[in-house]
Amino acid sequence: MMNYKVNIVFEKDEHGYYVYAPELPGCHSQGNTFEEAMNNIKEAIELYLETIPREEIEDYLSKEILTTTMEVKIA
């Protein structure tokens with residue numbers, strides 16, 4: 001059994017949290033709370049990775065994804 005680090009992105013709106021793994025196309029989930037969304041995406045990622053060959057896992061998870069915020073001005 002191998003451990004992998006997977007990038008995940010959370011988006012919050014009035015309905016709760018939407019979360020996805022940008023390295024894994026189509027791997028996304030949701031939850032009413034942050035904790036619920038975190039648990040749901042963990043399960044989704046584990047199931048996703050179980051369905052693809054190990055060499056593809058290495059390819060998918062070799063990306064480095066960085067996120068930050070930026071302030072911009074609009075007229």
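Some observations on this one:
- Here region 57-75 is the region considered, the condition is being touching a residue at least 12 places away in the same chain (Cβ under 8 Å) and open to solvent by less than 100 Å² (accessible area, probe 1.4 Å), and the residue that is farthest from Gly16 (Cα to Cα) is Ile57.
- Test for Gly16: is it at positive phi, of a type in the set (Gly, Ala, Ser) and surrounded by 14 or more Cβ atoms within 10 Å (Cβ to Cβ): yes
- Qualifying residue in region 38-56 (condition: closer than 29 Å to Thr69 by Cβ, open to solvent by 100 Å² or more (accessible area, probe 1.4 Å) and touching a Phe, Trp or Tyr at 6+ places or on another chain (Cβ under 7 Å)): no
- Subset of region 22-34 that is modelled with pLDDT of 95 or more and closer than 23 Å to Thr69 by Cβ - its residue that is surrounded by the fewest Cβ atoms within 10 Å (Cβ to Cβ): Thr33
- Region 21-75, residues that are within 17 Å of Asn3 (Cα to Cα) and of a type in the set (Val, Ile, Thr): Ile41, Ile45, Thr51, Ile52, Ile57
The values are calculated or read from the model by the stated rules, or taken from the named source; none is laboratory data. Owing to the predicted nature of the structure, the values given are computational and were not obtained by experimental measurement. Note that each Cβ is placed from the backbone with ideal geometry, even for glycine, and that neighbours are counted across all protein chains shown. The accessibility values were calculated without ligands, DNA or RNA, using every heavy atom of the protein model including side chains. Shrake-Rupley method; radii C 1.70, N 1.55, O 1.52, S 1.80 Å.
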